[in-house]
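Below is one structure, written out as structure tokens; comments come after it.
The values are calculated or read from the model by the stated rules, or taken from the named source; none is laboratory data. What you see is a predicted model; the values in this text were computed from it and never measured. Heads up, the Cβs are rebuilt from the backbone with ideal geometry, glycines too, and the neighbour counts pull from every protein chain shown. These accessible areas exclude ligands, DNA and RNA; they are computed on the full protein's heavy atoms, side chains included. Shrake-Rupley method; radii C 1.70, N 1.55, O 1.52, S 1.80 Å.
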Amino acid sequence: MIRIEEVEYIYPNGCKALDGISLEIEKGEVVALMGENGAGKTTLLKHLNGLLKPTKGRVLINGTDTREATIASLSKKVGLVFQNAEDMFFSSTVWEEVAFALRNFGYEEEVVRKRVEWALKFMELEKYADQSPFILSGGEKKRLALAIILAWSPDVVALDEPTTGQDQLQKEKLMEMIKLLNTQGRTVIVSSHDVEFIAQLRPRIILMKQGRIIADGRAEEIFLEEELLRSCNLLPPQIVSLTTRLEFIGIKPSLSHPKHVAEEILSKLGKPAP
Amino acid sequence: MATMLQGLQFYPGKSIVHRLDPRVKLFLSSALLITTLLYLEVTITTLIIAIEAILAIISRTMKRWIKTVYGAAPLVIAVFAMNYLVRSFSYGEFFSPTGLYESFAAAYRLIALLASFSIFFLTTTPEELGMTLTKFKIPYMYTFAFVSAIRFTPVLAEELQTIMDAQRSRGLELDKGGPLAKIRGYIPILVPLIVNVLRRSYELAEAMEVKCFGASKKRTFLKELKMSSKDFAALAMITLFLGSAIYLRFFYPLRIP
């Protein structure tokens, strides 16, 4: 599906943002790119739809080299949701905003109508269809940005820092959306340093530092390695910190649900769960 | 569009040119400009461009200085074409050597003119520019507006790039279609950019009010410009250069090829 081979990227100002990245992402995977600011997460995402072309190495999307395809044709396969949703709003209504990309991709007006309606409904935004995108709240703007991308139904949805500035409710909605997209067979790639959010999502984690991949594995394993996380300025999820500190009473450090951990503690204490 | 804005970006440096007092640098650029205007001869223009190139080499800004000159290419070509056309008609003959020579001299001179001030802008920080304006008794409010405009250019360039990326990810193809379609293609880029700029300026205004901007009538400054002996030496050299250029032009007309 996505093949990244020995990719190196140097920005025009000489900053080396990616330094030998090799990676394969299969169809239907949920992947989180984690790492501190400046680790190269966004740069890597921008390689997936050809906004940036590798200085060295190559990126293959469904076997197509990104250097040999237009951004528009790649974007049809890989939908990239930018961190700051406001960077893309310009239409007078939410409806038009979603229709813009579909018209760029040359869909029939009838198909455009159906898809816009579907995307707005999916993101629970249909009541704002005739309103300006600028009056939406932060969370709604984020959902609109996602609706815009989902409207053309890309195989891969890549989200850049989707949780920044979102409250708990919005995060939970976002989590549901990601899981739903995954059950539809889509590949979802999330860049984030929101440990708790990713811990709940439990994806495959790719840990990046200074333009390199330093770890690649399941969330359940990576989140147990405190040293590794600290080297990337990340802290383990709270549930891992808690279970690690309770290891001496026989509780296994893990990324379990708090409910299960509570039951385990209670059983160790010999008290029945209420 | 984004690269054009990035060309205005200042990069800090430590060369002897960077460290000169900005007023001296302003005088230097002005002296080069005036000298260029005084002479039409290609030899003198070449000399001035050579001096500017040497300054660019000393200040290690050669690459970006050349970029500025390249950027002016369309303008230079236009000036040459216009001159040539007008001269051809007034002389009544095309391909006349004098006409060609004079049009070339005019276009060539334009390069020297544009390059003179790029030396100043490439080696002066926005802060120094502000301090210079303050020394010239310009009210701080205007100085501040001017300096922040310069300082926000790189931020704007970055924002423009992000917006272009976001819209291209939505299938916007800027180089497709006829001229009208191309202009329409810029709407999705300009609207978010203007919205962001307005929002940013409100934020800046609020941040300034929080910090009591304009609360006291008389401002004092932490950093003030002071001329060092190096600056005076440079000043003397530039004055000598400009003085002789004026003298040679008006009182002792040299025969220059």
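Out of A:Glu227, A:Glu264, A:Glu220, A:Glu196, I need the residue that is crowded, with 18+ Cβ neighbours inside 10 Å and assigned to a helix (DSSP H, G or I). Which one?
Details: A:Glu227 fails: crowded, with 18+ Cβ neighbours inside 10 Å; A:Glu220 fails: crowded, with 18+ Cβ neighbours inside 10 Å; A:Glu196 fails: crowded, with 18+ Cβ neighbours inside 10 Å.
After ruling out the rest, the residue left standing is A:Glu264.
Please go through segment A:26-54 and give me each residue that is crowded, with 17+ Cβ neighbours inside 10 Å and part of a loop (DSSP other than H, G, I, E, B), ordered by number.
Step one: filter segment A:26-54 for residues crowded, with 17+ Cβ neighbours inside 10 Å, giving A:29-35, A:39-52, A:54.
Correct list: A:Glu29, A:Gly35, A:Ala39, A:Gly40, A:Asn49, A:Gly50, A:Leu51, A:Leu52, A:Pro54.
Scanning segment A:91-131 for residues that are in a loop (DSSP other than H, G, I, E, B) and either within 20 Å of A:Met177 (Cβ to Cβ) or open to solvent by 40 Å² or more (accessible area, probe 1.4 Å) (or both) gives A:Ser92, A:Gly106, A:Tyr107, A:Glu108, A:Met123, A:Glu124, A:Leu125, A:Ala129, A:Asp130, A:Gln131.
Annotation note: Cβ proximity below 7 Å between a residue of segment B:232-249 that is free of Cβ contacts under 8 Å to residues at least 24 places away in the same chain and a residue that is surrounded by fewer than 12 Cβ atoms within 10 Å (Cβ to Cβ) and of a type outside the set (Ser, Thr, Tyr) (sequence gap 6+ or interchain) occurs for B:Leu248/B:Leu254.
When only residues in segment A:1-25 that are of a type in the set (Val, Ile, Thr) and open to solvent by less than 40 Å² (accessible area, probe 1.4 Å) count, which is farthest from the chain's Cα centre (by Cα)? Before the answer, list the steps.
Within segment A:1-25, the subset of a type in the set (Val, Ile, Thr) is A:2, A:4, A:7, A:10, A:21, A:25.
Subsequent filtering for residues that are open to solvent by less than 40 Å² (accessible area, probe 1.4 Å) retains A:2, A:4, A:7, A:21, A:25.
On the way: A:Ile2: 15, A:Ile4: 17, A:Val7: 20, A:Ile21: 18, A:Ile25: 13 Å.
Applying the filter and picking the extreme gives A:Val7.
Which of the residues that make up segment B:122-149 are within 27 Å of B:Ile57 (Cβ to Cβ) and buried (at least 18 other Cβ atoms within 10 Å of the Cβ)? Of everything in segment B:122-149, those that are within 27 Å of B:Ile57 (Cβ to Cβ) and buried (at least 18 other Cβ atoms within 10 Å of the Cβ) turn out to be B:Leu122, B:Thr123, B:Thr124, B:Glu128, B:Leu129, B:Met131, B:Thr132. Residues that are in a helix (DSSP H, G or I), closer than 18 Å to A:Ser153 by Cβ, open to solvent by 50 Å² or more (accessible area, probe 1.4 Å) and touching a Phe, Trp or Tyr at 6+ places or on another chain (Cβ under 8 Å) occur in segment A:63-76; there is at least one. Of all residues in segment B:125-154, those that are touching a residue at least 12 places away in the same chain (Cβ under 8 Å) and aliphatic (A, V, I, L, M) total 6. Test A:Lys56 against the criterion of being in contact (Cβ under 8 Å) with a residue 12 or more places away in the chain and in the same structural domain as A:Val190 (by TED's automatic domain parsing), and give yes or no. The answer is yes for A:Lys56.
Does B:Phe251 qualify as being among the aromatic types (Phe, Trp, Tyr), over 21 Å from B:Leu133 (Cα atoms) and open to solvent by less than 70 Å² (accessible area, probe 1.4 Å)?
Values: among the aromatic types (Phe, Trp, Tyr): yes; over 21 Å from B:Leu133 (Cα atoms): yes; open to solvent by less than 70 Å² (accessible area, probe 1.4 Å): no.
In short, no.
Matching residues to (1) more than 9 Å from chain B (Cβ to nearest Cβ); (2) closer than 25 Å to B:Gln161 by Cα:
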{"site": "A:Glu96", "(1), (2)": "yes, yes"}
{"site": "A:Phe105", "(1), (2)": "no, yes"}
{"site": "A:Val116", "(1), (2)": "yes, no"}
{"site": "A:Leu125", "(1), (2)": "yes, no"}
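If you check A:Ala151, A:Ala101 for being facing chain B (nearest Cβ under 10 Å) and more than 28 Å from A:His193 (Cα to Cα), only one passes: A:Ala101. Tell me, yes or no, whether segment A:137-155 has at least one residue that is part of a loop (DSSP other than H, G, I, E, B) and buried (at least 23 other Cβ atoms within 10 Å of the Cβ). There is at least one residue in segment A:137-155 that is part of a loop (DSSP other than H, G, I, E, B) and buried (at least 23 other Cβ atoms within 10 Å of the Cβ).
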